[in-house]
1. Which ones in the range 307-325 are surrounded by fewer than 17 Cβ atoms within 10 Å (Cβ to Cβ), closer than 21 Å to residue 255 by Cα and either more than 27 Å from the chain's Cα centre (by Cα) or modelled with pLDDT under 90 (or both)?
2. Take the conditions at pLDDT 90 or above, of a type in the set (A, V, I, L, M) and more than 28 Å from residue 70 (Cα to Cα) and apply them to residue 332. Does it pass?
3. Could you list, in sequence order, the residues of the range 47-64 that are touching a Phe, Trp or Tyr at 6+ places or on another chain (Cβ under 6 Å) and β-branched (Val, Ile, Thr)?
4. All but one of (1) touching a residue at least 60 places away in the same chain (Cβ under 8 Å); (2) surrounded by fewer than 19 Cβ atoms within 10 Å (Cβ to Cβ); (3) under 21 Å from residue 137 (Cβ atoms); (4) of a type outside the set (Phe, Trp, Tyr) hold for residue 9; which doesn't?
5. Could you check the range 173-219 and list, in sequence order, the residues that are of a type in the set (A, V, I, L, M) and free of Cβ contacts under 8 Å to residues at least 40 places away in the same chain?
6. I'm trying to understand the selection: among the residues of the range 128-158, which are modelled with pLDDT of 90 or more and more than 20 Å from the chain's Cα centre (by Cα)?
7. Looking at the range 51-66, can you tell me whether even one residue there is at pLDDT below 90, among the charged types (D, E, K, R), closer than 30 Å to residue 348 by Cα and assigned to a helix (DSSP H, G or I)?
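The values are calculated or read from the model by the stated rules, or taken from the named source; none is laboratory data. None of the values given here were measured: they were computed from a predicted structure. Cβ coordinates were reconstructed from backbone atoms using ideal geometry, including for glycine residues, and neighbour counts include every protein chain displayed.
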Amino acid sequence: MPTLRKRSIWIGVNETIGLAAGIISLFTLVPVLTPAQWGAYGAMFGIVGPIAAFTQSGVVLSVLERILHLEHKSEAVARSSISIVLFLGSLGVPVASAFGYFVIPNLSLWTVIGIAATELLLSASVFTLGAVIQCVDSFENGLAVKIAAVTLRTSVVLGLFFTHTISIPRVVAGHALSMLLVTIGAIIRLHHLGVSTKPTRQVDRADLGRVALYSFGLSASIVQNDGDKVFLQGSGYADDGGRYAVAYRLASIAMLPMTILSTSTHFQTLEESKIEKNPVQKAARYTQIALLVAVPCAIIAFISTFFIPAILGEEYRGSITMLRVLLPVLTIRGLSAFPMNGLLGIDCNSYRTRLLVAGGTVSLVLYAALIPAFSWKGAVLASLIVESLLVATTWKVFKNQVKLKSLDRKPRHAKP
């Protein structure tokens with residue numbers, strides 16, 4: 001089993017490459033787009049994201065749990081998981097495309113369809129196959145699949161940039177081709193490992209239920225994280241939406257160390273859940289470490305915000321204030337990740353899902369109430385309220401469930 005340190009290093013490599021890709025995308029696309037166009041592009045991912053929770057994240061987490069934790073046969077997991085991706089993706093693409101086309105301005109129908117199909121079918125296949133490789137082959141080789149996907153997508157953006165032909169439709173087409181190539185490569189790798197990825201019609205209801213349990217919570221979490229950008233576009237704040245999307249991307253980059261630790265401990269929790277004796281103490285320790293890293297990063301990002309107009313243009317000067325107020329919000333958000341992981345480790349995923357769905361629901365209500373009246377300030381206020389409530393509630397539920405589990409494990413002596 002890889003140590004947490006070794007796993008964190010590999011995840012750090014993956015996240016660093018993702019960081020570089022995000023920076024390249026930001027600094028090549030943003031300067032040639034208006035804030036309204038960049039906001040529309042980002043908002044489309046906000047629409048696709050909640051559906052991608054079912055075809056991407058939910059399936060991937062189900063794969064990891066079934067192979068690592070429940071010790072199911074890898075080929076059965078691979079075949080059923082790909083079948084679920086194809087089924088849910090074929091339903092999700094038309095839904096996301098229709099919603100995006102009618103809600104978001106500044107994007108053509110074919111661009112909207114391209115983004116939806118790439119993320120819900122091709123990217124979902126890549127991440128699912130990568131998760132199987134991670135479990136069957138090695139942690140490093142599984143991450144290599146994701147790294148290859150990010151590298152190819154970034155190469156497309158750089159190629160278009162240096163040939164002075166960059167545009168959103170061309171970027172979308174290049175991303176689709178990149179994900180198709182990586183999918184083929186991952187299938188070949190699993191074939192060499194003796195694992196078939198042929199879709200099957202016999203998908204166990206328990207597998208669908210497991211994917212749904214993960215996905216509803218993750219979908220709600222994505223609504224909570226990205227719904228504000230969609231509401232900004234739909235409420236007529238196209239320019240503010242673009243500047244807000246830039247600020248949010250930069251704030252997410254600043255929180256990268258916390259993301260790395262959260263992802264690392266997720267795998268550790270699944271593998272060590274059967275032997276872990278003090279899950280609350282462990283989650284608290286990880287949270288303290290995350291804060292020690294995240295706070296200095298947030299301070300550095302806060303001080304560095306004056307570079308934004310010089311790099312991205314005067315149109316994005318408004319992103320300075322947005323970034324500064326978003327940094328505390330994203331720091332607070334990271335504090336709920338470790339008790340959320342802990343709930344998985346004590347087999348309380350249903351509670352985790354309920355918490356995430358509740359957070360997403362409250363976010364939607366607050367976005368609808370505050371954003372039309374206060375634009376991006378309403379988005380920040382809504383996020384701050386929800387994240388604070390979610391952190392407090394998650395820790396309380398986690399501690400209570402650990403206490404109940406401990407009581408259940410205590411030997412019960414019969415009365416004389």
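1. 307, 311
2. no
3. 47, 60
4. Against the list (1) touching a residue at least 60 places away in the same chain (Cβ under 8 Å); (2) surrounded by fewer than 19 Cβ atoms within 10 Å (Cβ to Cβ); (3) under 21 Å from residue 137 (Cβ atoms); (4) of a type outside the set (Phe, Trp, Tyr), residue 9 comes up short only on (1).
5. 177, 181, 184, 188, 206
6. Hits for the range 128-158 are 155, 156, 157, 158.
7. Within the range 51-66, one or more residues are at pLDDT below 90, among the charged types (D, E, K, R), closer than 30 Å to residue 348 by Cα and assigned to a helix (DSSP H, G or I).
Yes/no per residue for (1) part of a helix (DSSP H, G or I); (2) under 23 Å from residue 215 (Cβ atoms):
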site	(1), (2)
143	yes, yes
146	yes, yes
149	yes, yes
155	yes, no
169	yes, no
198	no, no
